[in-house]
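Colleague: Here's a structure for you.
The values are calculated or read from the model by the stated rules, or taken from the named source; none is laboratory data. These numbers were taken from a predicted model, which means no experiment stands behind them. So basically every Cβ, Gly included, is an ideal-geometry build from the backbone, and we count neighbours across all protein chains shown. Side chains included, ligands, DNA and RNA excluded: accessible areas come from the protein's heavy atoms. Shrake-Rupley method; radii C 1.70, N 1.55, O 1.52, S 1.80 Å.
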Amino acid sequence: MRLGQAHGVGHAGGGVADAPGAGPPPGSNADARQHPWPDSRKPGSGQHSWQGAAPSDAVDTLLESDMAHAFTEGSNADMTSTDTQKNTVYYIAKQCSQPCSPEEFAILLARHFVHTYPKVSKAKVWVEQAPWKRATLGGQLHKHGFSMSGSEVRTCAVSATAEGRTTVTAGAQGLRLLKTTQSGYEGFLHDRFTLLPDTRERIMASCVTASWRYTAPAAYDAAFAAARGALLEAFLGPPACGVYSPSVQHTLFQMGRLLLERVPQADSVFLNMPNLHFLPCSPVTAKFEDDVYVATSEPHGSIEATVTRGEVQPHCKL
């Protein structure tokens with residue numbers, strides 16, 4: 001706050017699973033979750049067959065508004081309370097008569113705030129979608145049963161202004177990838193502090209965080225599937241033979257470049273990839289033969305970069 005001036009920001013954490021939604025920004029733990037069907041409050045209503053995923057979403061909202069008087073004069077006039085923000089999330093979810101993507105829901109919600117409240121100049125919405133999948137029992141999809149398919153979370157962030165500008169960023173967190181061969185690391189600087197030997201054979205593993213910025217509207221579910229597929233393909237390579245990785249850095253760049261090729265509406269990709277180590281182990285009375293490893297979580301290096309098209313400014317600063 002500058003002396004004599006104030007700019008207000010109101011933040012509300014809330015959850016919605018009645019429509020695809022988005023997750024909270026880093027550091028926020030405000031999270032409420034509800035029933036995971038966008039339109040069917042009654043599981044037996046038959047409104048949707050839901051042969052695919054059942055979204056269960058955490059939604060976070062943040063409003064920038066002209067609220068200097070709340071700070072300087074103690075007046076709450078025209079303030080959009082966090083209670084109003086929370087209830088609006090559920091209201092917008094109720095208006096979604098059909099399933100929609102997290103990005104579509106976040107766009108609806110952000111634009112509602114800036115169009116409804118004159119004092120609000122910008123609305124930001126984050127969504128995290130948990131990986132619920134319809135359960136399969138005896139080779140048959142369960143009518144109303146779901147199971148969590150892993151730790152990966154689909155994310156999106158939307159910003160809308162009163163002037164009509166909307167930005168959409170999508171991504172994934174907790175995408176765990178591993179390959180047991182076709183990876184090495186050699187030719188790096190060696191000095192008296194270096195104990196790591198060069199190698200052309202190692203396990204490569206990471207827990208990927210990725211985000212990409214859209215420059216045009218997209219079929220967001222299809223675009224997400226294409227982006228995720230590009231990340232896996234560039235990391236793992238062809239199913240029959242794989243692809244050699246000389247470093248996490250090189251693989252990261254190939255992942256970002258392939259994502260931009262597969263998703264033409266994206267212009268900037270941020271990737272964070274911790275280099276998770278599997279250390280060779282020589283059990284007592286035996287020798288290591290590329291068979292027994294010790295999985296470690298710490299210490300490890302963390303590699304990150306933003307890959308963009310041409311001279312495009314990156315959407316995420318390192």
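Colleague: The range 62-111 to the range 181-222: how many Å between their Cα centroids?
Modeller: When both Cα centres are located, 39 Å separates them.
Colleague: So what J values fall out for the range 245-256 if you push phi through Karplus, 6.51 cos²θ - 1.76 cosθ + 1.60 with θ = phi - 60°, rounded to Hz, Gly and Pro as x?
Modeller: 10, x, 5, 5, 4, 5, 5, 4, 5, 5, 5, x
Colleague: Another question about this same structure. For the range 66-77, just list the computed ³J(HN,Hα) in residue order, Karplus coefficients 6.51, -1.76 and 1.60, θ = phi - 60°, integers in Hz, with x standing in for Gly and Pro.
Modeller: Result, rounded to whole Hz: 7, 10, 4, 5, 5, 7, 8, 10, x, 9, 9, 4.
Colleague: Here is a further query. Leaving out ligands, DNA and RNA, and with a 1.4 Å probe, what % of the accessible surface on the range 131-275 is carbon or sulfur?
Modeller: Values: 4240 of 7400 Å².
Carbon and sulfur atoms account for 57 percent of the accessible area of the range 131-275.
Colleague: So how far apart, in nm, are the two label points at Ser151 and Ala295 if each is 7 Å from Cα heading toward Cβ?
Modeller: The two pseudo-label positions are separated by 0.9 nm.
Colleague: Among 85-92, 285-292, how do they line up by average Cβ neighbours within 10 Å per residue, starting with the highest? Spell out each step's value before the answer.
Modeller: Working: 85-92: 19.2, 285-292: 9.8.
Per-residue Cβ counts within 10 Å, averaged per peptide and sorted highest first, yield 85-92, 285-292.
Colleague: Turning to a different aspect of this structure: With a 10 Å radius around each residue's Cβ, average the other Cβ atoms per peptide and rank 166-174, 212-220, highest first. Show your work: numbers first, answer last.
Modeller: Details: 166-174: 20.1, 212-220: 18.2.
Top to bottom by mean Cβ count within 10 Å: 166-174, 212-220.
Colleague: Compute the FRET efficiency between Lys287 and Ala219 as 1/(1 + (r/R0)^6), taking r as their Cβ-Cβ distance and R0 = 35 Å, and round to the nearest 0.05. Before the final figure, lay out the partial values.
Modeller: Details: r = 54 Å, r/R0 = 1.54.
Calculated value: 0.05.
Colleague: Could you tally up the Lys pairs in the range 45-165 with alpha carbons closer than 19 Å? Skip any pair fewer than 8 positions apart unless they're on separate chains.
Modeller: Details: Lys86/Lys94; Lys86/Lys119; Lys86/Lys122; Lys86/Lys124; Lys133/Lys143.
Lysine pairs satisfying the spacing and distance rule in the range 45-165 number 5.
Colleague: Please tell me the relative contact order of the range 183-318 in percent, rounded to the nearest whole number, where contacts are Cα pairs under 8 Å and at least six residues apart. Spell out each step's value before the answer.
Modeller: Details: 214 pairs, mean separation 36.2, N = 136.
That works out to 27 percent.
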